[in-house]
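Just so it is clear, none of the values below were taken in a lab; they were calculated from the coordinates. Note that the coordinates shown come from a computational prediction; the quantities given were computed from them, not determined experimentally. So basically every Cβ, Gly included, is an ideal-geometry build from the backbone, and we count neighbours across all protein chains shown.
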Amino acid sequence: MLSSNISLENKTVFITGVAGFIGSYLALELQIRFPTIKIVGIDSITDYYDVSLKEERLKNLKKFQNFLFIKGNIADKELICQLFAEHKPNVVVNLAAQAGVRYSITNPDAYVESNLIGFYNILEACRHAVPEVEHLVYASSSSVYGSNKKVPYSTDDKVDNPVSLYAATKKSNELMAHAYAKLYNIPSTGLRFFTVYGPAGRPDMAYFGFTNKLREGKSIQIFNYGNCKRDFTYIDDIVEGVIRVMQHAPERKTGEDGLPIPPYKVYNIGNNQPENLLDFVTILQEELIRAKVLPTDYDFEAHKELVPMQPGDVPVTYADTTSLEEDFGFKPATSLRKGLRAFAEWYADYYKCK
Ligand SMILES: NC(=O)c1ccc[n+]([C@@H]2O[C@H](COP(=O)([O-])OP(=O)(O)OC[C@H]3O[C@@H](n4cnc5c(N)ncnc54)[C@H](O)[C@@H]3O)[C@@H](O)[C@H]2O)c1
């Protein structure tokens, strides 16, 4: 196991996408665990999904004294440079992105702006930062594996065949980070997240969309006739993984040629236990009834439609988490039952279903 080489006590952490699902949980947990930490969070509050959820997440974060929120776009280079000069972050976590596979088919511009130009600006700001940024951690995605046949997906696998622009931008982030690690010795770690879910999650994701539709009495469409397998990963496991990773930057070393060996790593963070979409939906339905989001006599079969695969989708995602376990002594393990129960209870409370 790697020992930590970064203490987060008294450090300034710059988090992009802080009003997002993962960013808000991360910022909250960091404040709780490290009361001396200062968090500077940026988010442009895109309207990709209901912005009131983002405002609600921010409301919780603003209760902390050491939390500073800036509403801004990471594609605005001047703003990012100015924020780095002003706050001098020690650790940077880039979570801001235009997420979603399907949306990238009809809205490519948003992906180029946030995921490519935005990430480039973060790299440039790290390059010029004084003092040096100790560690850049950034979100990649399981979607980089495209329609690879070999499972579980390993970070050693070839990932040169993206099947969506979203995936192409995430793979590009890894390539750009590698070049900056090599050229400017910026330690960076990319994290390939696998289908993250939980309370106050993203309404564009299947479990949330299914819940909305079932509640409205509409039918839900289960893609690939239910023969999809996903490594569903509970938000707390993702946050635990990110916090452990933040505290160990890949070491700077010099090669025989006198040039830096890129301080660069990529890990999978996924549940390592893919679940069949139909089983997932069955547990979700049971938990929605338990939380009183749906009535006990809900006719589930009448609201279920099995349909073919959608463009950009992949039939299976399954994370090999060996290197995460070896280096950080951790792998996600929250059961679907526990995670979906937490989601259903939050949903009932938030949307006043009881
Ligand atoms: N949730 C998942 O299942 C999942 C899986 C794989 C990878 N990821 C990646 O993890 C990261 C966080 O995902 P999430 O689920 O929290 O998504 P999210 O959409 O909830 O959060 C992203 C946040 O970034 C903000 N944002 C977008 N473009 C911006 C810009 N140009 N400048 C500033 N802010 C901007 C959005 O307003 C949003 O609040 C993303 O990079 C995403 O691609 C998520």
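With the Cα gyration tensor of the stretch 197-247 giving a ≥ b ≥ c as the square roots of its eigenvalues, does the rule (a/c under 1.5 for rounded; else a/b larger than b/c for prolate; else oblate) give rounded, prolate or oblate? Oblate, since a/c reaches 1.5 and b/c is not below a/b.
Treating only the Cβ of Lys, Arg, Asp and Glu as charged (+1, +1, -1, -1), what charge dipole size does the chain show about its Cα centre? Round to the nearest 20 debye.
480
Dipole of the chain computed with +1 at Lys/Arg Cβ and -1 at Asp/Glu Cβ about the Cα centre; of 129, 283, 99, farthest Cα towards the positive end is 283. In terms of its C-alpha gyration tensor, the stretch 252-341 comes out prolate, because a/c is 1.5 or above and the ratio a/b outweighs b/c.
Dipole magnitude for the stretch 1-136: computed about the Cα centre from +1 point charges on Lys and Arg Cβ and -1 point charges on Asp and Glu Cβ, it is near 380 debye.
Kindly provide the GluC sites (Glu not before Pro) of the stretch 224-324 that DSSP labels as loop, not H, G, I, E or B, and whose Cβ sees at most 12 other Cβ atoms within 10 Å.
Sparse-neighbourhood loop GluC sites (Glu not before Pro): 251, 256.
Relative to the longest principal axis of the chain, what angle (0 to 90°, nearest 10) does the C-alpha long axis of helix 51-61 take? Between the helix axis and the principal axis of the chain, the angle is about 60 degrees. Computed from Cα atoms, the angle from the helix 277-290 axis to the main principal axis of the chain rounds to 70 degrees. Computed on the stretch 31-120, with alpha-carbon pairs under 8 angstrom and 6+ residues apart, the relative contact order is 29 percent.
Ranking 45, 82, 61 by how far each Cα lies toward the positive end of the dipole of the stretch 1-92 (charges on Cβ) leaves 61 at the top. Here r is the Cβ-Cβ distance between residue 65 and residue 149 and R0 is 41 Å; the resulting FRET efficiency, rounded to 0.05, is 0.20.
For the stretch 215-271, trypsin sites (Lys or Arg not before Pro) are listed when DSSP marks them as loop and at most 16 other Cβ atoms sit within 10 Å of their Cβ; the list is 218, 252.
The residue among 272, 303, 315 whose Cα reaches farthest toward the positive pole of the charge dipole of the stretch 216-354, with charges on the beta-carbon of Lys, Arg, Asp and Glu, is 303.
When Rg and the Kirkwood radius Rh are both evaluated on Cα atoms of the chain, their ratio Rg/Rh stands at 0.96. A straight chain from residue 346 to residue 302 at 0.36 nm per residue would run longer than the Cα-Cα distance by 13.3 nm.
Each label point was placed 7 Å from the Cα along the Cα-to-Cβ direction; for residue 261 and residue 216 their separation is 5.5 nm. Label positions at residue 132 and residue 77, each projected 7 Å from the Cα along the C-beta direction, are separated by 2.4 nm. Here's the picture: a label point sits 7 Å out from the Cα of residue 156 along the beta-carbon direction, and within the stretch 230-265 the residues with their amide nitrogen under 19 Å of it are 264-265. Which shape class applies to the stretch 72-171: rounded if a/c is under 1.5, otherwise prolate when a/b exceeds b/c and oblate if not, where a ≥ b ≥ c are the square roots of the Cα gyration tensor eigenvalues? Oblate, since a/c reaches 1.5 and b/c is not below a/b. Taking label positions 7 Å along the Cα-Cβ direction at both residue 87 and residue 335, the computed distance is 4.0 nm, reported to one decimal. Short-range pairs are left out: with C-alpha atoms under 8 Å and at least six residues apart, the relative contact order of the stretch 86-221 is 27 percent. In plain terms, the C-alpha convex hull of the stretch 1-126 casts an average shadow of 8.6 nm² when viewed from every direction.
Gain on full extension, evaluated as 0.36 nm per residue between residue 29 and residue 183 minus their Cα-Cα distance, stands at 52.1 nm. Rg ratio for the stretch 130-279: its Cα radius of gyration over 2.2 N^0.38 Å, N being its residue count, equals 1.23.
Taking the chain as the reference, fit the longest principal axis to its C-alpha atoms, fit the long axis of helix 77-87 to the helix C-alpha atoms, and give the angle between the two in degrees, 0 to 90, nearest 10. Tilt relative to the chain: about 70 degrees.
Dipole size of the stretch 168-220 about its Cα centre, with +1 on Lys/Arg Cβ and -1 on Asp/Glu Cβ: approximately 80 debye, rounded to the nearest 20.
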